[in-house]
1. At a Förster distance of 35 Å, what's the computed FRET efficiency of Asn126 paired with Ala203, Cβ-Cβ distance as r, to 0.05?
2. What is the percent of Cα-Cα separations in the range 25-119 that go past 23 Å?
3. Using the beta-carbon distance between Asp223 and Asp108 and R0 = 41 Å, what value does 1/(1 + (r/R0)^6) give for FRET efficiency, to the nearest 0.05?
4. Counting only helical runs of four or more DSSP H residues, what would the 222 nm mean residue ellipticity of the chain come to if each run contributes -39,500 (n - 2.57) and the total is spread over all its residues?
5. If the elastic network links every pair of Cα atoms under 10 Å, which of Asn88, Asn202, Asn117 fluctuates the most in the Gaussian network model of the chain?
6. Once phi is turned into ³J(HN,Hα) by the Karplus curve 6.51 cos²θ - 1.76 cosθ + 1.60 with θ = phi - 60°, what whole-Hz value does each residue of the range 34-50 show in order, with x for glycine and proline?
7. Taking the Cα-to-Cβ direction at Ser64 and at His49 and moving 7 Å from each Cα, how far apart do the two end points lie in nm?
8. For the range 119-187, what ratio Rg/Rh do Cα atoms give with a Kirkwood hydrodynamic radius?
Amino acid sequence: MNDTKTALVTGANKGIGFAIAQGLGAIGFTVAVGARDDARRQEAVERLHAAGVDAFGVALDVTSDDSVAAAAATTEQTAGRLDVLVNNAGISGRTDGGAQDPTTLDLDVVRTVLDTNVFGVVRVTNAMLPLLRRADSPRIVNVSSNMGSLTLQTGPIMAAYAPSKSMLNSVTAQYARRLADTNVIVNACCPGYVATDFTGFNAPRTPEQSAAIAIRLATLPDDGPRGGFFDDEGAVPW
Ligand code: NDP
């Protein structure tokens, strides 16, 4: 088997996804840059090349069955297998006054958020699993948020976004159970509160700091934890 490992990161054109791609590239992965916009994807690939990372672009809109199927085909043709999948692409959904009030919630906002943050993860994971199963030590990392923690209940009231991450955590646990007797290790992570477009760049952590936990989970040893939810400090309460 070819020694070079390949990692696909969704939403890798900017923010936390780009930092995860760059970090995995720095430790020797070939990075498949999953991004939906051609120009933004190409620009990200060029920035990674300039940083010395072996990267290629994969057109990928996580809300589209056709796009995801084509992305799997591109990844197979280019790399032959997949060692790491990082499901990072995510959206907050429309807010009113900085929040999503459950008492006036527009269900179209909920549908849109779930389609990207949850259904998108299932769509991409299932399309990529055949390629992941060809790897010796496949890893799947789902980028979640402690806003989805029912124990912590952090941040503003976000009645579409926060439950989408609670469901993503639950979906992560279901995948880990289903894949328990395989070499595919699945976990979720919280990157912390990070300065990206998502937060209007008004947050204390850098994308590079936030990428560290995803990179750690992407490179777990074969006896590493499964079906957990982690940040830099360790396990995050569900
Ligand atoms: P950004 O808004 O900076 O980046 C989001 C990325 O997701 C972009 O590349 C975007 O692409 C992509 N994306 C969105 N929708 C789709 C789609 N349908 N198909 C493919 N790609 C898509 O956000 P962050 O980097 O901050 O967030 C990354 C992840 O981290 C998200 O899952 C978020 O929920 C999570 N997170 C972020 C926190 C923070 O403080 N920033 C805190 C906790 C969790 P495009 O450029 O085309 O829009």
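The values are calculated or read from the model by the stated rules, or taken from the named source; none is laboratory data. Bear in mind the structure is a predicted one, so any value in this text is a computation, not a measurement. Here the Cβ is made from the backbone with ideal geometry for all residues, glycine too, and neighbour counts use every protein chain on show. Keep in mind that these areas ignore ligands, DNA and RNA; they rest on the heavy atoms of the full protein, side chains included. Shrake-Rupley method; radii C 1.70, N 1.55, O 1.52, S 1.80 Å.
1. Working: r = 32 Å, r/R0 = 0.92.
According to the calculation, E is roughly 0.65.
2. Details: 1653 of 4465 pairs.
The answer is 37 percent, as a whole percent.
3. Details: r = 44 Å, r/R0 = 1.08.
FRET efficiency, Asp223 to Asp108: 0.40.
4. Working: 7 runs with 91 residues, N = 238.
Only helices count here, giving -12000 deg cm²/dmol.
5. Asn202
6. So the J values, rounded to whole Hz, are x, 7, 8, 9, 4, 5, 5, 5, 4, 5, 5, 4, 5, 5, 5, 4, 4.
7. 2.3
8. Values: Rg = 13.6 Å, Rh = 13.0 Å.
Computed over Cα atoms, the ratio is 1.04.
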